[in-house]
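Below is one structure, written out as C-alpha cells; comments come after it.
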Amino acid sequence: MKLLEQWYDLIVPEDLVYFRHSGRRLVTNPELAAWCVLTEPESAVLEALVRGQAPPSPGDGSVDVERVLATLVLKWIVYLPGHRPAVRHPEPDLTTVYYAITDGCNLRCPYCYASSEKCLPGELTTEESLDLVDQAADMGVRQFIFTGGEPMLRKDLFEVAAHARARGLTTNMITNGTMIRTPETARRIAEIFGTVTVSIDGGTAEIHERTRGKGTFARTGKGLGLLNEAGVVPVINHVVTPENVDALEKVCAFVDDLKVRRVRLMYHSDLGRAATDGYDFGWLDFQKIQEFFWVNPMADKLLPDGPRAAKPCSIRGNCGMGGNEIYVNSLGDVYPCKLVTEPVHKAGNVRQRPLAELFAAPVLADMRTNSVFSGENLKDCRRCYIRAACGGGCRAYHMAETGDVHRNGRHLCRMLRHSMISNWWRATGVDGRQLVEHQEEMLRPHLVRDDTVHPVYEDWKTAGRRLLPLVD
C-alpha cells in the first residue's frame with residue numbers, strides 16, 4: 001500500500017517544529033530528536049498532513065508527494081499507522097566512576113566546583129581505594145576517572161590506577177599538570193592512563209595565572225610537553241569566563257605547538273567557590289564562543305560546552321548522573337555526579353555499604369529513572385522542542401542557576417537550544433557565516449501546525465524569574 005493511500009492514518013506528533021533559511025526548512029520532531037531538511041514545496045506537503053488537509057495533487061508536477069511522505073517516515077518526522085514509538089523508562093548500567101582520590105590541591109582556583117584546598121582527614125586509604133576499584137570492576141564499570149583536588153598529590157595514585165587498569169578498566173586522570181615534572185613521571189602516566197585531561201585557563205601566562213597563580217603557566221606547559229614526549233595526547237579543559245572569553249585565539253595558538261586531542265570549553269557556572277568569585281558568564285559571552293566556533297579557522301580543535309547531537313534521533317532521556325556515572329569523594333561518600341554533592345544528594349558511604357547497594361539507593365535510582373519523557377524530575381523539559389536531543393542538559397548547571405537540581409534555569413535552556421539547533425544546521429552543511437548573519441531567522445522555532453513561534457522560545461525573557469514555568 002502506498003503512503004499516499006494512508007494519508008489520513010499517518011501518525012503526526014503534535015509539536016513538530018521548523019526553522020527556515022534560504023528556501024529550506026529544518027524540520028524536527030521533538031519526541032525523537034529526529035530532523036531533516038525540506039524544500040518549501042516539500043514543506044507544503046508536511047503542512048497539509050499536519051493540518052488535516054487533503055494531500056497536494058500528484059499531478060501538479062511541483063513535488064512527488066509519495067517521495068516526500070517516504071522521507072518523513074524514514075526520518076521519523078511522522079509515523080506509520082500503529083507504529084508510534086513507545087517511551088521506555090531508563091535503567092542504565094553504571095559505566096563510569098569519578099573518584100576524587102584526594103581533596104587536596106596545590107592551586108586555589110577561584111571557581112573550583114569542589115572548593116578544594118587541603119587533604120581531608122579520613123580520606124580513603126590505599127587499601128580502601130583498591131577495594132573501591134574492585135567493587136566498580138565487579139559491577140561492570142568500564143571507565144574509572146581519577147580527579148580531586150589534584151590527584152597527583154596522592155602518593156599511591158599510580159598504584160591504585162595501575163590496579164584499575166589491571167582489572168580491565170579504562171583509567172583517566174584530570175590534573176592541573178603542574179606536578180608532571182620529569183620524563184619518568186610522564187612515562188609512568190603514559191603506561192597507566194588511557195586519557196589525561198589537563199586544565200588550562202588561558203593561552204598566555206598573564207591570562208592563565210589570573211586564576212591559577214604565579215608560575216603555573218610554565219609548569220603546566222612543561223608538563224604538557226613531557227606528556228607529548230612520552231606519547232600522551234591529552235585533552236585540555238578550558239574554563240571560559242567573561243575575563244578570558246575574548247582570548248580564545250591565544251588558547252588555540254598555544255595548543256598549536258602541542259599534540260592535543262581537543263580543547264573542551266567549560267562555561268563558568270556558580271558551583272563551589274564559583275558562587276562567590278565575582279564572574280557572571282552570560283548570554284553575550286556565550287554568543288562570542290558560538291561565533292568564534294562558527295567562523296574562526298583556529299577553532300577546529302575546540303569542543304564547546306553543551307549538547308552536541310549532530311545526527312538525527314540521537315536521543316537522551318537525561319544527563320546520565322546517578323545512572324551511567326556516579327561520583328565518589330575522597331571520604332568515600334557517593335553522589336550522582338561530581339558537581340551535585342549537597343547532603344540531600346548523598347547515597348551513602350562505601351565504608352558502610354557496598355558500592356552496588358549504594359548504586360541502588362533511592363536518591364540515585366530517582367535520578368536515573370526520570371527522563372524528559374516521564375517522571376517528576378524533568379517536567380520543565382516536557383514542552384521544549386529539543387527535549388529528546390538535549391536530555392535536560394547538565395543538571396548541576398541548572399542547579400547553579402535555580403537552586404534545585406530538578407528545575408531548569410531559563411538562561412541555560414536558552415543556550416542549550418541555541419547550541420543544538422545551530423549544530424543541526426551545521427550538520428546539514430550550512431556555513432558558519434550564514435549562522436552569524438542570519439541566526440535570528442535560522443534559530444527561531446515555528447510550529448508546523450499553525451506557523452506560530454514555539455511558546456518556549458522566549459521563556460528566558462520573563463522578568464524577575466530564573467525558573468522556567470513548570471508544565472501542567
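Applying 0.36 nm per residue to the separation of residue 83 and residue 313 and subtracting their alpha-carbon distance, the gain on full extension is 81.2 nm. Spacing of the modelled spin labels on residue 458 and residue 117, each 7 Å from Cα toward Cβ, amounts to 4.7 nm. Between residue 21 and 26, the built amide H atoms are under 5 Å apart, and every one of these is 5 or more places off in sequence or on another chain.
Distant-in-sequence amide contacts of residue 103, defined by a placed amide H-H separation under 5 Å and a gap of 5 or more residues or a different chain, comprise 120.
If one computes the Cα centroid of the range 143-185 and of the range 408-433, what distance in Å separates the two points? Computed from Cα coordinates, the inter-centre distance equals 35 Å. Checking the a/c ratio against 1.5 first, then a/b against b/c, what shape does the Cα gyration tensor give for the range 1-49? Since a/c reaches 1.5 but b/c is at least a/b, the shape of the range 1-49 is classed as oblate. Taking the charge dipole of the range 162-203 about its Cα centre, with +1 at Lys and Arg Cβ atoms and -1 at Asp and Glu Cβ atoms, the residue from 186, 170, 203 reaching farthest to the positive side is 170. Couplings 3J(HN,Hα) of the range 404-415, computed from phi: 9, 5, 8, 9, 8, x, 5, 6, 5, 4, 4, 5 Hz, in residue order, whole Hz [Karplus 6.51 cos²θ - 1.76 cosθ + 1.60, θ = phi - 60°; x for Gly and Pro].
If the chain linking residue 70 and residue 155 were pulled fully straight, counting 0.36 nm for each residue of separation and taking away their Cα-Cα distance, it would gain 24.4 nm. Per-residue accessible area (protein heavy atoms, 1.4 Å probe) orders 453, 50, 87, 141 as 87, 453, 50, 141, starting from the largest. Rounded to the nearest whole Hz, the Karplus-based 3J(HN,Hα) values (6.51 cos²θ - 1.76 cosθ + 1.60, θ = phi - 60°) of the range 158-173 follow the sequence 5, 5, 5, 5, 5, 5, 4, 5, 5, 7, x, 8, 6, 10, 10, 9, with x at glycine and proline. Residues in the range 53-122 average 55 Å² of solvent-accessible surface per residue, probe 1.4 Å, ligands and nucleic acids excluded.
Largest first, the residues 145, 315 sort by 1.4 Å accessible area into 315, 145.
Solvent exposure of residue 83, expressed as accessible area, is near 120 Å², computed with a probe of 1.4 Å over the protein chains only. Residue 460 sits with roughly 60 Å² accessible to a 1.4 Å probe, with DNA, RNA and ligands left out of the calculation. For the range 241-255, putting each phi into the Karplus relation 6.51 cos²θ - 1.76 cosθ + 1.60 with θ = phi - 60° gives couplings of 10, x, 7, 10, 5, 7, 10, 5, 4, 5, 5, 4, 5, 4, 6 Hz, in residue order, rounded to whole numbers and with x for Gly and Pro. Measuring against 31 Å, Cα to Cα, the residue pairs 214/338; 346/379; 259/346; 288/338; 250/461; 118/288 contain 259/346; 250/461; 118/288 as the ones spanning a longer distance. If a spin label sat at a point 7 angstrom from the Cα of residue 351 along the line to its beta carbon, the backbone N atoms of the range 74-108 nearer than 17 Å would be those of 100-104.
Using a probe of 1.4 Å on the protein chains alone, the accessible area found for residue 250 is around 100 Å².
Under a 5 Å amide H cut-off, with hydrogens placed 1.01 Å from N, residue 266 pairs with 238, 239, 240 among residues at least 5 apart or on other chains. Accessible surface ranking for 212, 383, 1.4 angstrom probe, highest first: 383, 212.
Given the alternatives [x] 58, 24, 18; [y] 31, 27, 21; [z] 43, 26, 20, semi-axes √(5λ) of the Cα gyration tensor in Å as computed for this entry is given by [z]. In terms of its C-alpha gyration tensor, the range 111-192 comes out oblate, because a/c is 1.5 or above while a/b does not outweigh b/c. Here the chain exposes an accessible surface that is 50 percent carbon and sulfur, computed with a 1.4 Å probe and the other protein chains kept in place.
Only Cα pairs under 8 Å and 6+ residues apart enter the sum, and on that basis the relative contact order of the chain stands at 17 percent.
The values are calculated or read from the model by the stated rules, or taken from the named source; none is laboratory data. Small disclaimer: the values here were computed from a predicted structure and weren't measured. Counting neighbours? That spans all protein chains shown, and the Cβs are built from the backbone with ideal geometry, glycine included. Just so you know, the surface numbers come from the protein's heavy atoms only, side chains and all, with ligands and any DNA or RNA stripped out. Shrake-Rupley method; radii C 1.70, N 1.55, O 1.52, S 1.80 Å.
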